[in-house]
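Read through the structure below, which is laid out as structure tokens, and then see the notes.
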Amino acid sequence: MKKKQFYKVSILVVTAIFAIGCSYNKTPKPIKHVKVNKPVRVVPAKPSGITLSQLNSGGVTTLALKGGHKFKEGEPINFIIDTRGAEGYLYVVYSDSSGEVGVLYPNPKSPLTEISGKYIFPRDFGNMTINATKDCKNCKEDKTIIYALLSKKPILDIKNISQAQLRNILGGQSLQTSIAKSKGISMNLDAGTTNSNANVNIGVLEFVVE
């Protein structure tokens, strides 16, 4: 009986060794290549808007700007902007006697928004306060020109605006010619003469600071 058990155990051990040996001798199955998708490239969306060089008023100003002609130095400046039914993004720009051009609206305290109707500037735009100043020394009065631009699309590079670009937007007219027609209040020509290619409405206002 002991010999039979020994033989059985021996046979089991030999069978196990053979099985293990066979398993090691088997050729491993090739690993299937997993298709890896390329990472998605995130492309930033292009800003939707228009540049200064693309603006064209057709040589006609159709916004109404009404306000005072003279201000004392330090006096708050207020004027009315009437879009006259037009709708768009408003920009208020000034040009002084030294040739400097700057943007009054929009600004960090009063962001850009689409408007249409009558407004008092700057009260209705963040309730800012804009005071009259003189840049010239020992002069009796200093002249400033205000431009209101109502664009159908946001103007992407408005911070780079210059007097030359203002002339181009006005259809090549000189700034002085535009002001002469406006007589210091506003330049409102017959709406029927508006150029169909125009993509911006403009209003002009001139005042002096004493």
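Exactly one condition in (1) hydrophobic (A, V, I, L, M, F, W, C); (2) surrounded by fewer than 16 Cβ atoms within 10 Å (Cβ to Cβ); (3) at pLDDT 85 or above is false for Phe125; which is it?
Among (1) hydrophobic (A, V, I, L, M, F, W, C); (2) surrounded by fewer than 16 Cβ atoms within 10 Å (Cβ to Cβ); (3) at pLDDT 85 or above, the lone unmet condition for Phe125 is (2).
Tally the residues that are among the aliphatic types (A, V, I, L, M), in contact (Cβ under 8 Å) with a residue 60 or more places away in the chain and part of a loop (DSSP other than H, G, I, E, B), restricting the search to the range 109-149. Lay out the reasoning, then the answer.
Taking the range 109-149 as the starting set, the residues that turn out to be among the aliphatic types (A, V, I, L, M) are 112, 115, 120, 128, 130, 132, 145-146, 148-149.
Pick out the ones that are also in contact (Cβ under 8 Å) with a residue 60 or more places away in the chain and you get 132, 145-146, 148-149.
So of that shortlist, the ones also part of a loop (DSSP other than H, G, I, E, B) come out as 132.
The total comes to 1.
Has the range 39-50 got at least one residue that is part of a loop (DSSP other than H, G, I, E, B), loosely packed, with under 12 Cβ neighbours inside 10 Å and at pLDDT 90 or above?
At the first step, the residues of the range 39-50 found to be part of a loop (DSSP other than H, G, I, E, B) are 39-49.
Next, only the ones that are loosely packed, with under 12 Cβ neighbours inside 10 Å stay: 39-48.
Right, trim to at pLDDT 90 or above and you get none.
No, that holds for no residue.
Please identify the pairs in which a residue from the range 150-174 that is surrounded by 13 or more Cβ atoms within 10 Å (Cβ to Cβ) and part of a loop (DSSP other than H, G, I, E, B) has its Cβ atom under 9 Å from the Cβ atom of a residue that is among the basic types (Lys, Arg) and modelled with pLDDT under 95, counting only partners at least 6 apart or on another chain.
Gln173/Arg167; Gln173/Lys181
Sort out which residues of the range 81-102 are outside any loop (DSSP other than H, G, I, E, B) and surrounded by fewer than 16 Cβ atoms within 10 Å (Cβ to Cβ), and write them in order of number. Show your work before the answer.
Kept after step one, since they are outside any loop (DSSP other than H, G, I, E, B), are these residues of the range 81-102: 81-82, 88-96, 101-102.
Of everything in the range 81-102, just one residue is outside any loop (DSSP other than H, G, I, E, B) and surrounded by fewer than 16 Cβ atoms within 10 Å (Cβ to Cβ), namely Gly102.
Of everything in the range 63-80 that's among the hydrophobic types (A, V, I, L, M, F, W, C) and part of a loop (DSSP other than H, G, I, E, B), which residue is nearest to Ala198 (Cα to Cα)? Outline the logic, then answer.
So in the range 63-80, the residues among the hydrophobic types (A, V, I, L, M, F, W, C) come out as 63-65, 71, 77, 79-80.
Add one more test, that the residue is part of a loop (DSSP other than H, G, I, E, B), and what stays is 63, 77.
Values: Leu63: 13, Ile77: 30 Å.
Per the criteria, the residue is Leu63.
With respect to Val14, determine if the residue is out of contact with any Gly (no Cβ under 7 Å at 6 or more places or on another chain), modelled with pLDDT under 90 and surrounded by 10 or more Cβ atoms within 10 Å (Cβ to Cβ).
On the way: out of contact with any Gly (no Cβ under 7 Å at 6 or more places or on another chain): yes; modelled with pLDDT under 90: yes; surrounded by 10 or more Cβ atoms within 10 Å (Cβ to Cβ): yes.
The answer is yes for Val14.
I need the full set of residues from the range 65-77 which are under 17 Å from Leu149 (Cα atoms) and surrounded by fewer than 20 Cβ atoms within 10 Å (Cβ to Cβ), in order please. Write out each step before concluding.
Step one: filter the range 65-77 for residues under 17 Å from Leu149 (Cα atoms), giving 65-67.
The answer is Lys66, Gly67.
From the list Lys118, Lys137, which residue is under 30 Å from Glu210 (Cβ atoms), loosely packed, with under 14 Cβ neighbours inside 10 Å and either hydrophobic (A, V, I, L, M, F, W, C) or at pLDDT 90 or above (or both)?
Details: Lys137 fails: either hydrophobic (A, V, I, L, M, F, W, C) or at pLDDT 90 or above (or both).
Residue meeting the stated conditions: Lys118.
Do the conditions hold for Val204, that is, is it touching a Phe, Trp or Tyr at 6+ places or on another chain (Cβ under 7 Å), hydrophobic (A, V, I, L, M, F, W, C) and at pLDDT 90 or above? Step through it out loud before you land on a result.
Details: touching a Phe, Trp or Tyr at 6+ places or on another chain (Cβ under 7 Å): yes; hydrophobic (A, V, I, L, M, F, W, C): yes; at pLDDT 90 or above: yes.
Judged against the criteria, Val204 is a match.
The values are calculated or read from the model by the stated rules, or taken from the named source; none is laboratory data. Note that the structure is predicted; figures quoted are calculated from it, not measured. Don't worry about glycine lacking a Cβ; one is built from the backbone with ideal geometry, like all the others, and counts go over all protein chains shown.
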